[in-house]
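Step one of this worksheet: look at the structure below.
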Amino acid sequence: MKELVKAKQIIKNNWRDGFTIPTSKLYPFQWMWDSGFVALGTSTYDIRMSLSEIKKMFSGQWKNGMLPHILFHSENEKTYFPNFDFWNSQVNFGAPVSPKSSGITQPAVFGFILRDILKTHWSNPDVKDFIKSIYPKLINYHRFLYDYRDPNKEGLFFIYHPWESGRDNSPLWDESMDRIVIKPGSIPAYQRRDTSIANEDERPTQDKYDRYVYLLELGKKYKYDGKEIAEESPFLIQDSMMNAILIKSNDCLIEMADDLNLDAKQVVEWQGLSKSNYDKKLWNEELGIYVGYDLRAEKQVMHKEIGGLVPLFAQIPDTARANKLNAYLKDLSERGFYLCPSFDVDSPHFDSKRYWRGPVWPQMNWMIYQGLILYGFQKTADILKADFNTLVHKLGFFEYFESQKSKVEQLNKGYGGNNFSWTASSYIHLNQGE
Ligand code: GLC
């Protein structure tokens, strides 16, 4: 298949010194959850690349266990904002001097990624040794989320910056972000870089960007330590997707402990509380989907969006709830959308082109696909995979894609960055063996 060859070539071109960048120019460093998805793809044809990618990510782990959302392996690259000097993560005593990093995290994907790798490479002793050596670091990362980000000990951790959620510009965050008032002098002067590389109408607005910088500064003020941030941040959310991914990765840590004779006692404890509170606190009957919880406003975040489907992947919903999620996807498909739009197509905030406000994202499709299979929703899973393949074949290996079928007909390329690593790796993993 010529696309598979192309996909591998993209990853090869994005390969730097032992890891991949998501795409050149727009994202020239190592991003945390991108890295995980790339390792998943490369594990199907070059296990050394895959393990090297993960090892490189963990080389940036902080003493408190945090895995930063960006590792700036190269300090000479000046084209990105906010760069390592703006983050100044050294304010936290446990941040490594090298590689330099950002001060926030991203979805906890490595548990389920390593589980997948272990399954496919069960007979490879190097893989087993690697997983055994990285396992305590993974537990430390999960411990960080429970220790620093869960002040009420609910088993549900918070994020204090939309960039942690992986769904940076989703309308989900609008209400909390609007609470932030930017007065003259309340944030330092800065120069955006993204809009000189990608189209402005595909990127967040300036208003939004100021607030991103505000929250970054807040983190810095408290040395990126969650406890004090929790007291002051206007943005404090127990996100549906972030917590579902943690739960999935917890399950995978427990399974790997069984397989490799490791100790997962602590994870079993965390998991009991997380699973039951997730299902209680984050289900919204009216919307028929899981939602986030705004700890500042003390209420659920009332939007239907893609993160609310990820609990399928973590096997959180019972059959009745899972059926509702499946019905939602089937309906979207019948109404002329490629699966899966990142935001509620009936909301006034829906925008099928703009960053996280409606387009389709490759790695999201990968997770939801797995979730649908786990529940036996084979037909919807097949549609979702076929949709993703159609988008890639017609529009290329872009960062994300138009979700309205009628609009796709008029297009010949996707949105955001081109030759994108996780688009290539999700494609490889979903189509392996074909
Ligand atoms: C954007 C996405 C984020 C991703 C990063 C690199 O910031 O919102 O999820 O990790 O790009 O691809």
Check your understanding: Using modelled backbone amide H atoms (1.01 Å from N, in-plane), which distant-in-sequence or interchain residues come within less than 5 Å of Gly18's amide H?
Key -> none
Practice item. Pairs of Cα atoms under 8 Å, at least six residues apart: use those to get the relative contact order of segment 314-434, whole percent. Key: 25
Check your understanding: Of Lys78/Lys413; Lys25/Lys275; Lys8/Lys407, which sit over 32 Å apart, Cα to Cα?
Key -> Lys25/Lys275
Check your understanding: Between rounded, prolate and oblate, where does segment 194-321 land on the alpha carbon gyration tensor, with a ≥ b ≥ c its root eigenvalues, rounded for a/c under 1.5, else prolate if a/b exceeds b/c?
Key -> prolate
Practice item. Could you work out how far apart the two model spin labels at Lys55 and Phe81 are, taking each label as a point 7 Å from the Cα in the direction of the beta carbon, and quote it in nm? Key: 3.7
Study note, to complete from the structure: Given unit charges at Cβ for Lys, Arg (+) and Asp, Glu (-), the dipole magnitude of the chain about its Cα centre in debye, nearest 20, is 740
Study note, to complete from the structure: Computed about the Cα centre, the charge dipole of segment 1-110 from +1 Lys/Arg and -1 Asp/Glu charges at the Cβ has a magnitude in debye, to the nearest 20, of 220
Review point. Quick one: Karplus J couplings for segment 256-261, per residue in order, coefficients 6.51, -1.76, 1.60, θ = phi - 60°, nearest Hz, x for Gly and Pro?
Key: 5, 5, 4, 5, 10, 6
Study note, to complete from the structure: In whole Hz, the Karplus estimates of ³J(HN,Hα) for segment 185-192 (6.51, -1.76, 1.60; θ = phi - 60°; x where Gly or Pro) are x, 7, 10, x, 5, 8, 10, 5
Revision key, fill the gap. Between the modelled labels at Thr319 and Thr205 (7 Å from Cα along Cα→Cβ) the distance in nm is 4.7
Check your understanding: With contacts defined as alpha carbon pairs under 8 Å and 6 or more residues apart, what's the relative contact order of segment 198-303 in percent?
Key -> 24
Check your understanding: If you average the sequence gap of Cα pairs under 8 Å that are 6 or more apart and divide by the length of the chain, what percent do you get for the contact order?
Key -> 18
Check your understanding: Which of Asn326, Asn418, Pro348 sits closest to the plus end of the dipole of the chain, meaning its Cα is farthest towards the positive end, when Lys and Arg get +1 and Asp and Glu get -1 on the C-beta?
Key -> Asn418
Study note, to complete from the structure: Judged on accessible area alone, 1.4 Å probe, highest first, Ser342, Ser186 line up as Ser186, Ser342
Review point. What are the ³J(HN,Hα) values, in whole Hz, obtained from phi via the Karplus relation 6.51 cos²θ - 1.76 cosθ + 1.60 with θ = phi - 60°, for each residue of segment 227-241 in sequence order, with x given for Gly and Pro?
Key: 5, 6, 4, 4, 6, 9, 5, x, 10, 8, 10, 8, 7, 4, 6
Point to revise | Low-density loop positions, trypsin sites (Lys or Arg not before Pro), segment 1-84 - DSSP coil, at most 16 other Cβ in 10 Å | key: Arg16, Lys25, Lys63, Lys78
Check your understanding: What is the magnitude of the charge dipole of segment 258-408 about its Cα centre, with +1 placed on the Cβ of each Lys and Arg, -1 on the Cβ of each Asp and Glu, and no other charges, expressed in debye to the nearest 20?
Key -> 420
Study note, to complete from the structure: Expected unfolding gain across Val5-Asp147 under the 0.36 nm per residue rule, minus the alpha-carbon gap, is 46.8 nm
Practice item. Mind checking which of Ala257, Leu216, Ile247 is farthest towards the positive end of segment 207-272's charge dipole, using Cβ charges of +1 (Lys, Arg) and -1 (Asp, Glu) about the Cα centre? Key: Leu216
Practice item. Could you order Val91, Val181 by accessible surface area, starting with the largest, using a probe radius of 1.4 Å? Key: Val181, Val91
Review point. Which of the listed residues, Ile237, Val127, Ser165, is farthest toward the dipole's positive end in segment 115-273, when Lys, Arg count +1 and Asp, Glu count -1 at the beta-carbon?
Key: Val127
**Study point:** Qualifying chymotrypsin sites (Phe, Trp or Tyr not before Pro) in segment 18-90, DSSP loop, other Cβ atoms within 10 Å at most 14
**Key:** Tyr45
Review point. Which cross-chain or sequence-distant (5 or more) residues have an amide H under 5 Å from the amide H of Gln30, H modelled 1.01 Å from N in plane?
Key: Leu71, His73
Review point. Taking a ≥ b ≥ c as the square roots of the eigenvalues of the Cα gyration tensor of the chain, is the shape rounded (a/c under 1.5), prolate (a/b larger than b/c) or oblate?
Key: rounded
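The values are calculated or read from the model by the stated rules, or taken from the named source; none is laboratory data. Since the structure is predicted, the reported quantities are computational estimates derived from the model, not experimental observations. In this analysis, Cβ positions are derived from the backbone assuming ideal geometry, glycine residues included, and neighbour counts consider all displayed protein chains. What goes into the accessible areas is simple: the full protein's heavy atoms, side chains included, and nothing from ligands, DNA or RNA. Shrake-Rupley method; radii C 1.70, N 1.55, O 1.52, S 1.80 Å.
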